[in-house]
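**Student:** Have a look at this one before I ask anything.
The values are calculated or read from the model by the stated rules, or taken from the named source; none is laboratory data. No experiment lies behind these values; they were computed from the predicted model shown. Because the Cβ atoms are built from the backbone with ideal geometry, glycine has one as well, and the counts that use them run over all protein chains shown.
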Amino acid sequence: MTEEITDVEKINQKLGLLDGVENANVEQFLSFFLDDEEYAVDILRVQEIRCWEGATVIPNSPISVKGVMNLRGTIVPVMDLRLRLGLAEQAYNSLTVVIVLKFITQDGIEKISGVVVDAVADVHSISPEDIQQAPELSSNVNANFVKGLGSSKSGALILLDPDTLLAI
Amino acid sequence: MTVDLSQFYQVFFDESLEGLDAMEAELLRYSEGTQDDESINTIFRAAHSIKGGSGTFGFDSIAGFTHVLETLLDQIRDGQRDITSQHIDLFLQSIDCLREMINALSSGDDSVPESTAQLKAAFEAILNDEVADEGEQSALEAEQITTDSATQAAAIASEAHENTSGWKVTFIPSEDILMTGNEPLYLIQELTELGDHEVELVTEKIPSWSELKPEFCYLRWIVKLYCDCTEQQINEVFEWVADESEIKIEELAATESTKVAAVPALNQQDTASSEAAANEVKSSAPAVTKNADTKAATAKPATKAKQADANSIRVGIDKVDSLINMVGELVITQAMLSQLFEGEMTAQSLTRMKEGLAQLEHNTRDLQESVMRIRMLPISFVFSRFPRLVRDTGQKLGKKIELILQGESTELDKTVMEKISDPLVHLVRNAMDHGLESPEQRLAAGKPEIGKLTLNAYHQGGNVVIEIIDDGKGLDPIKIKNKAISNGLIGENDELSEEQINLLIFEAGFSTAEAVSDLSGRGVGMDVVKSNIQALNGSVDVESVVGKGATFRIRLPLTLAILDGQLIRIGQHVYIIPLVNIIESLQINQNDVSRIGGEYDVLHLRGEYVPIICLADVFLHKSDAQTLTDGLLVVVEVDGGKVGIFVDDLLAQQQVVIKSLEANYNKVEGISGATILGDGTVSLIIDIVSLVRMAGVKNISSHNLVATETHAQGGTA
């Protein structure tokens with residue numbers, strides 16, 4: 001659950017340290033909690049992590065799109081990952097954070113989008129050969145979004161693909 | 001000599017393109033017969049400075065090409081020959097060619113378009129003809145002619161040398177060359193940049209150690225160049241040292257060349273070279289037309305390059321001056337404000353501070369306006385390309401067309417201008433291809449033989465309006481309707497007014513392959529024109545009278561960056577309505593509201609019926625207002641009609657900086673963009689046209705107001 005809460009500050013620090021790290025065979029993933037499950041995204045796709053500060057609603061948008069926020073002058077959409085993955089909605093609390101991710105659209109344009117998650121967890125180093133294909137039988141997660149499965153101390157790590165996840 | 005010339009490239013490109021524009025304008029005046037004495041000088045000067053500049057920067061392809069151009073221009077200027085329409089065509093083609101070369105160079109590509117060689121050959125043929133003609137003239141003039149043809153022969157020779165296998169350059173610098181600040185090494189380096197080479201150093205003149213003076217240069221060089229550079233290019237390298245040094249330039253015999261395939265040794269006789277040139281011209285004639293055909297294909301990379309280098313802007317000095325004035329004012333106000341805090345705070349200083357802040361606000365706004373004005377350019381920047389386009393297209397179509405440009409000084413934001421130019425070209429082409437008739441048809445219809453095409457620009461409110469008016473045959477509503485029915489755009493039995501039919505040409509599904517003609521098909525790509533204009537927050541419509549002509553009218557916002565907005569509130573949501581759209585805001589009197597068909601409301605407003613759109617319903621928000629009397633109605637103008645937008649409350653009016661929503665998200669219906677308010681939150685800007693479409697209100701301007709609400713909740717909140 002949330003016993004491994006790392007603050008936003010710490011994670012951001014780790015993100016900063018990563019710039020110098022170059023290890024060819026290990027990919028690093030930032031993990032976060034959603035409905036007690038640990039999910040992760042390629043850390044190189046993570047631009048920054050912010051506290052939830054609200055967003056301006058976009059009329060007639062999909063329910064998972066919470067709206068747009070101001071990221072130092074840039075308009076960035078924010079998506080509730082629980083709703084995107086079809087999980088139960090949960091009220092935002094002090095642990096709720098927005099992870100700003102870079103993704104590439106089908107047209108090859110790089111965009112950024114925020115995703116709301118319950119809490120950030122940790123940074124994991126996983127070598128590509130340890131990533132397993134996700135079983136086809138995923139119950140409530142759209143299989144397209146899942147890149148594969150990794151493992152962490154606490155159990156399975158669901159690796160998400162930002163490109164499909166954030167394409168609306 | 002170590003100055004990095006590449007920093008000046010952009011200036012050269014900009015100036016050369018301007019020069020070409022000037023040349024083109026003057027040449028077109030020739031073809032219209034409105035030239036004056038200065039025209040040829042203007043053309044010559046432009047060509048000359050392009051040649052000079054390109055020589056300096058080492059763009060030899062351009063320099064070489066403009067050289068022939070200049071030679072012919074020089075003769076015309078001196079009255080040695082008259083300018084003919086053939087010359088004008090050739091010059092115009094060369095301008096296109098040079099433009100292409102400059103655009104290519106500015107994107108770092110120094111390849112030479114095929115047409116260069118053909119045009120060059122054509123020019124040389126003209127120049128050589130002259131020599132031949134004069135040669136046939138009487139002996140009395142022989143002496144003068146010899147000198148004439150001698151200079152020309154020299155010019156031709158220097159060009160013709162391009163075909164030689166190479167050059168042997170012997171460079172013997174004067175001993176004190178180093179003292180004059182020249183470095184022979186750089187010269188050799190520059191020389192070797194011309195192409196393949198062999199450099200031989202001659203050291204035999206170095207004296208014995210005791211006699212050697214360290215400041216003197218005893219070295220000599222022999223450089224063999226195996227490339228097709230001209231003698232002139234070599235001379236240019238030594239331009240600065242030619243006086244004090246000995247430079248021998250000899251041609252390498254073809255056999256001597258080891259790297260270049262044998263080229264027939266140059267025959268310097270005029271007859272031979274003119275013959276060769278004439279042959280070249282013969283073969284080049286079809287190639288030139290071919291080149292024109294492929295132009296459509298080559299046009300794309302050219303525009304791409306333009307986008308890449310369109311990063312500078314020329315601003316009138318008055319605009320900069322006014323900017324400096326504003327900044328001065330700002331500094332004074334700031335000084336005044338900070339002075340207030342030096343002493344004790346009193347009631348008096350508080351009032352002065354208020355005044356100061358008001359002043360600051362005023363100054364900021366002025367400054368902002370001045371800065372915006374910097375981005376504004378007269379629309380003549382776009383219009384200026386049309387005389388040429390109309391001339392060429394007219395010739396191609398065999399139509400006589402008079403182009404009238406009006407309101408050329410109307411100013412428009414640079415970004416808008418860049419993006420409007422392609423749709424405009426399309427509309428103008430359309431008007432020429434399909435609007436205007438051939439001279440015979442015109443005479444038969446009792447119209448003057450020469451068709452009139454007018455481009456008109458003017459300001460209207462916060463908009464710029466551009467009209468493309470032709471006096472041709474107009475749109476054929478029956479044809480359009482039939483096509484729309486066959487394309488399934490409308491049903492067979494749909495009752496449409498003529499206006500509505502005409503607007504069908506902007507529909508996406510209207511164009512069909514069979515409508516594509518050589519130039520354009522009226523209707524082909526019109527949907528693209530429309531969507532391009534809409535992307536600029538503009539609109540386009542058409543008025544047409546069969547047999548009398550058609551008018552396409554484009555409306556564009558003055559600028560894309562900033563707009564005056566009215567903040568409005570629905571529940572907890574704050575939106576912005578562009579102030580230019582708003583006519584008035586009022587409180588609704590329930591007695592004036594009629595409910596039509598039990599579904600939607602109209603407001604009786606001073607003799608007009610204004611449909612009411614409830615913003616909360618369209619955007620699916622929860623509104624505070626329970627009845628129409630609880631909120632406010634913002635009456636906006638759209639498509640020439642009026643629509644009321646029902647909101648909970650009006651908040652402040654302020655200027656907002658438009659930010660793109662599409663940069664990281666998608667286009668949202670009813671929303672044109674976003675902005676960031678003073679408190680850092682994001683607010684969305686309402687796109688009235690799209691909002692009205694969403695609400696399903698149609699025929700706003702017609703008398704029988706037909707309005708349907710798309711949402712089941714109906715018009716009342």
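**Student:** For the stretch B:128-135, state whether one or more residues are modelled with pLDDT of 75 or more and either closer than 29 Å to B:Leu5 by Cβ or in the same structural domain as B:Phe12 (by TED's automatic domain parsing) (or both). Before the answer, list the steps.
**Tutor:** Taking the stretch B:128-135 as the starting set, the residues that turn out to be modelled with pLDDT of 75 or more are B:128.
When the remaining residues are screened for being either closer than 29 Å to B:Leu5 by Cβ or in the same structural domain as B:Phe12 (by TED's automatic domain parsing) (or both), the result is B:128.
The answer is yes, given that some residue of the stretch B:128-135 is modelled with pLDDT of 75 or more and either closer than 29 Å to B:Leu5 by Cβ or in the same structural domain as B:Phe12 (by TED's automatic domain parsing) (or both).
**Student:** Of all residues in the stretch B:219-235 being part of a loop (DSSP other than H, G, I, E, B) and more than 17 Å from B:Thr203 (Cβ to Cβ), which is farthest from the chain's Cα centre (by Cα)?
**Tutor:** B:Cys227
**Student:** Restricting to the stretch A:50-64, and then to whatever is in contact with a strand residue (DSSP E or B) (Cβ under 6 Å, 6 or more places away or on another chain), at the interface with chain B (Cβ under 9 Å from one of its Cβ atoms) and in a loop (DSSP other than H, G, I, E, B), can you tell me which residue is nearest to B:Ser672 (Cα to Cα)?
**Tutor:** A:Ile58
**Student:** Return the pairs, sorted by first residue and then second, in which the second residue is in a loop (DSSP other than H, G, I, E, B), the first residue lies in the stretch B:68-91 and is β-branched (Val, Ile, Thr), the beta carbons are less than 7 Å apart, and the residues are 6+ apart or on different chains.
**Tutor:** The qualifying pairs are B:Ile76/B:Ile83.
**Student:** While we're here: Out of all the residues in the stretch B:623-665, which are under 23 Å from B:Ile588 (Cβ atoms), surrounded by fewer than 20 Cβ atoms within 10 Å (Cβ to Cβ) and of a type in the set (Asp, Glu)?
**Tutor:** Answer for the stretch B:623-665, where residues must be under 23 Å from B:Ile588 (Cβ atoms), surrounded by fewer than 20 Cβ atoms within 10 Å (Cβ to Cβ) and of a type in the set (Asp, Glu): B:Asp624, B:Asp630, B:Glu637, B:Asp639, B:Asp649.
**Student:** Would you confirm whether or not the stretch B:592-603 contains a residue that is outside the structural domain of B:Arg365 (by TED's automatic domain parsing), touching a residue at least 60 places away in the same chain (Cβ under 8 Å) and surrounded by 21 or more Cβ atoms within 10 Å (Cβ to Cβ)?
**Tutor:** yes
**Student:** A follow-up question, please. Considering only the stretch A:70-81, I want to know if a residue exists there that is buried (at least 20 other Cβ atoms within 10 Å of the Cβ), farther than 14 Å from B:Leu661 by Cα, modelled with pLDDT of 85 or more and in contact with a Lys or Arg (Cβ under 7 Å, 6 or more places away or on another chain).
**Tutor:** So far as the stretch A:70-81 goes, yes, one or more of its residues are buried (at least 20 other Cβ atoms within 10 Å of the Cβ), farther than 14 Å from B:Leu661 by Cα, modelled with pLDDT of 85 or more and in contact with a Lys or Arg (Cβ under 7 Å, 6 or more places away or on another chain).
**Student:** Now for a different question. Counting just the residues of the stretch A:65-108 that are among the hydroxyl-bearing types (Ser, Thr, Tyr) and more than 10 Å from chain B (Cβ to nearest Cβ), which one comes out farthest from the chain's Cα centre (by Cα)?
**Tutor:** Kept after step one, since they are among the hydroxyl-bearing types (Ser, Thr, Tyr), are these residues of the stretch A:65-108: A:74, A:92, A:94, A:96, A:105.
Of the ones still in play, those that are also more than 10 Å from chain B (Cβ to nearest Cβ) are A:92, A:94, A:96.
Numbers: A:Tyr92: 16, A:Ser94: 18, A:Thr96: 12 Å.
Per the criteria, the residue is A:Ser94.
**Student:** Before we move on, is B:Gly343 outside any loop (DSSP other than H, G, I, E, B) and either in the same structural domain as B:Asp422 (by TED's automatic domain parsing) or of a type in the set (Gly, Ala, Ser) (or both)? Full working, then the answer.
**Tutor:** On the way: outside any loop (DSSP other than H, G, I, E, B): no; either in the same structural domain as B:Asp422 (by TED's automatic domain parsing) or of a type in the set (Gly, Ala, Ser) (or both): yes.
No; evaluated as a whole, the condition is false for this residue.
**Student:** Pick from the stretch B:647-666 the residues that are assigned to a loop (DSSP other than H, G, I, E, B) and within 11 Å of chain A (Cβ to nearest Cβ): which of them is nearest to B:Leu579 (Cα to Cα)?
**Tutor:** Restricting to residues being assigned to a loop (DSSP other than H, G, I, E, B) and within 11 Å of chain A (Cβ to nearest Cβ), the top hit is B:Ile658.
**Student:** Right, another one. Does B:Val635 meet the test of being over 30 Å from A:Met79 (Cα atoms) and either modelled with pLDDT of 90 or more or part of a strand (DSSP E or B) (or both)?
**Tutor:** Spelling it out, B:Val635 is indeed over 30 Å from A:Met79 (Cα atoms) and either modelled with pLDDT of 90 or more or part of a strand (DSSP E or B) (or both).
**Student:** Please list, ordered by first then second residue, the pairs with beta carbon atoms under 8 Å, 6 or more apart or interchain, first in the stretch B:676-698 and at the interface with chain A (Cβ under 9 Å from one of its Cβ atoms) and surrounded by fewer than 22 Cβ atoms within 10 Å (Cβ to Cβ), second part of a helix (DSSP H, G or I) and at pLDDT 85 or above.
**Tutor:** As it stands, the answer is B:Met694/B:Val618, since those pairs meet every condition given.
**Student:** May I pose another question? Determine whether the stretch B:281-290 contains at least one residue that is at pLDDT below 80, in the same structural domain as B:Gly181 (by TED's automatic domain parsing), part of a helix (DSSP H, G or I) and surrounded by 12 or more Cβ atoms within 10 Å (Cβ to Cβ).
**Tutor:** Taking every residue of the stretch B:281-290 in turn, none turns out to be at pLDDT below 80, in the same structural domain as B:Gly181 (by TED's automatic domain parsing), part of a helix (DSSP H, G or I) and surrounded by 12 or more Cβ atoms within 10 Å (Cβ to Cβ).
**Student:** If you go through the stretch A:58-90, how many residues are out of contact with any Leu (no Cβ under 8 Å at 6 or more places or on another chain), free of Cβ contacts under 8 Å to residues at least 40 places away in the same chain and closer than 15 Å to B:Thr675 by Cβ?
**Tutor:** Here the count works out to 6.
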